[in-house]
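Beneath this line is the structure, given in structure tokens, with notes to follow.
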Amino acid sequence: MLSPASTEGIDSDLGIVVSELKASGEHKFESHRNDEGFEIKVLPAGFPEVVFKLNNEFSGQVITEFNEKIVCIGSSEPVKKSA
């Protein structure tokens, strides 16, 4: 779920990609564990794949094809919540 740190996040590259994916429904995905952490690939039909490269603490980068280039469009980290 998109939870931007500020309102600018909604209109960011990541915000746009997440909004498009949400509007188009459910998507297949693959996940793999590696020495650095995890790689999760979202495989939407009709859209470029979105790759989350996360460390063992579940923080990392979100990468996809955007404007015809493979780029990092944002970052991901666990939500901090109190018990």
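Bear in mind these aren't lab numbers, they're just calculated from the coordinates by the rules spelled out. The shown structure was predicted, so the numbers you read here are calculated from the model rather than taken from an experiment.
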Could you pull out every residue, at least 5 positions away or on a different chain, whose amide H is within less than 5 Å of the one on Gly74? Hs are placed 1.01 Å off N in the peptide plane, and Pro or chain starts have none. Val62
Given the C-alpha atoms of the chain, compute the convex hull and give its volume per residue in Å³. 113 Å³
